[in-house]
Amino acid sequence: MKIARIEMYQVDLPVAGGVYRLSGGREYTSYDATIARMIADNGQEGWGESTPFGSSYIAAHAPGTRAGIAALAPALLGHDPRHHDRLWDLMARTLKGHRDARCALDVACWDISAKAAGQALCDHIGGRIPGPVPVISSIGGDTPETMRAKVAAHRAQGFRGHSVKIGATEAKGGPALDAERIKACLADREQGEWFLADANGGLSVEHALRLLSLLPDGLDFVLEAPCATWHETQNLRARCSVPILLDELVQSEADLIQAISGDLCDGVGLKMSKQGGITPMLRQRSIASGAGLVMSIQDTVGSEIAFAALLHIAQSTPRHLLRCALDTRSMTTVRLGRFDAPVADGGAEAPTAYGLGVTPNMDALGAPVAVYA
């Protein structure tokens, strides 16, 4: 089986709720999604997605994602899509960095591979662990009471985890506002819920320490990605009273090893497009498991295609180390496909259909913006 054709699509995904706010005053009203369709010479097809979180999250942006795919796709033609490690190495040699571009192509290869094997993706990458995977909401920065209401709304839908954004500028309220946000979001916490206070690398050490000093004892939450640099993270880690989960700083296997060797975190957020697809996610999952780090399996944002890939990874991740998977579907308003994984009984479970189990919505995708054959 050989890769015969690759199509690339572009779709805008409006933000559910109108606006999404991150630390440092970053705001988003829509996300620019890039979808890859890979077709093998036997007619089998696979789908993948890469939707960067704007251009100020990590070193990735949507036009760059598509430019990267334009450089990578021709190099993949004629190769066996089931040779995942070899294809990942080929992409790394063809284009240095740009993991966001590699992601959509790598996921499409795995979709084809699992379909060819007659397996759901989670069974193809380690084996399904039965039962619903806890799903986490993503609550953008807002007033404390608005964020509390959004947590309650997601709780009512079956979400057992909640990622609440912090990182208010001094002009907008600084550490005091962030402390109130955390307290409000945890005010109605139920047994079995898990909370991240996520700064997306937007805090100084001083801001983080002031924030923590304003919180009452006994609040059960994890501080995610507090600082933008390794040095700041090490500085805060030595004086931090709550568990730390790293995200943006950990993109490669080498990054993860650095975090482990420096004892800089208690968990890691693995994001599909940030890590670069399923192949590096599996590598990093093994490293994190060996170090006993808990994992949150996510993507930056995305449609049903992105959620399908990360849910299958979470479905096959050891439950004692898995905290939750991000339901990217809840973050946008456009449906790019049908994916039978409703949130129920505290989570979502990957379907048994072969591959990702997604039926793309071709009307929503429109015509491809580029074709490589």
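Apply the membrane-span-like helix rule to the chain: whole DSSP H runs, Cα extent along the own long axis of at least 24 Å, mean Kyte-Doolittle hydropathy at least -1.0. List the helices found. Please list the in-between numbers first.
On the way: long enough: 99-117 (26 Å, 0.17).
Going by DSSP H runs, the hits are 99-117.
Each DSSP beta bridge with both residues in region 216-373 is either parallel or antiparallel, and the antiparallel ones are about 25%.
Listed by chain and number, the aspartates and glutamates placed with their C-alpha closer than 13 angstrom to that of Lys150 are Asp142, Asp188; residues fewer than eight positions away on the same chain are left out.
Most simply put, the chain has about 50% antiparallel DSSP beta bridges, counting only bridges with both residues inside it.
Relative contact order for region 98-236 using alpha-carbon pairs under 8 Å, separation at least 6, rounded to a whole percent? Result for region 98-236 is 19 percent.
Using a probe radius of 1.4 angstrom, the carbon and sulfur fraction of the accessible surface of region 183-290 is 49%.
Can you bin region 23-160 into rounded, prolate or oblate? Criterion: square roots of the alpha carbon gyration tensor eigenvalues sorted a ≥ b ≥ c, rounded for a/c under 1.5, prolate for a/b above b/c, oblate for the rest. Please report the intermediate quantities before stating the final value.
Details: a/c = 2.94, a/b = 1.45, b/c = 2.03.
Oblate is the answer for region 23-160, as a/c is 1.5 or above yet b/c matches or exceeds a/b.
For a 22 Å ceiling on Cα separation, which of these pairs sit above it: Lys115/Lys274; Lys96/Lys271; Lys183/Lys271? Beyond 22 Å: Lys115/Lys274; Lys183/Lys271. Principal axis analysis of the Cα atoms in region 17-97 yields extents of 46, 27, 19 Å, listed in decreasing size.
Centre-to-centre separation between the Cα atoms of region 84-161 and those of region 13-68: 13 Å. Choose one answer from Gly167, Gly141, Gly337: the residue with the largest mean-square fluctuation in a GNM of the chain with alpha-carbon springs under 10 Å. Evaluated over the chain, the most mobile residue of the options is Gly337. Reported to the nearest whole Å, the Cα centre-to-centre distance from region 294-371 to region 208-251 is 28.
Taking all protein chains into account, the per residue accessible area for the chain stands at 36 Å² (1.4 Å probe). Per the Debye formula on identical point scatterers at the alpha carbon atoms of region 121-195, with no solvent, log10 I(q)/I(0) at q = 0.17 Å⁻¹ is -0.65.
With θ taken as phi - 60° and the Karplus curve 6.51 cos²θ - 1.76 cosθ + 1.60 applied, the whole-hertz 3J(HN,Hα) list for region 360-365 is x, 8, 5, 5, 6, 6 Hz, x standing for glycine and proline. Taking Ser50, Ser330 and ordering them by how much accessible surface each has at a 1.4 Å probe, largest first, produces Ser330, Ser50. Highest mobility in the GNM of the chain, judged by mean-square fluctuation with C-alpha springs under 10 Å and restricted to Ala254, Ala171, Ala62, is found for Ala171.
Using a probe of 1.4 angstrom, how much of the accessible area of region 22-109 is carbon and sulfur, in percent?
The nonpolar share, carbon plus sulfur, comes to 50 percent.
A straight Cα-to-Cα reach below 15 Å connects Lys2 with the aspartates and glutamates Asp41, Glu45, Asp80, Asp106, Asp111, residues fewer than 8 places away in its own chain not being considered. Distance distribution note for region 1-48: the fraction of Cα pairs above 12 angstrom is 69%.
The values are calculated or read from the model by the stated rules, or taken from the named source; none is laboratory data. Note that the structure is a prediction, hence the values are computed from the model and not measured. SASA here: full protein model, heavy atoms, side chains in, ligands and nucleic acids out. Shrake-Rupley method; radii C 1.70, N 1.55, O 1.52, S 1.80 Å.
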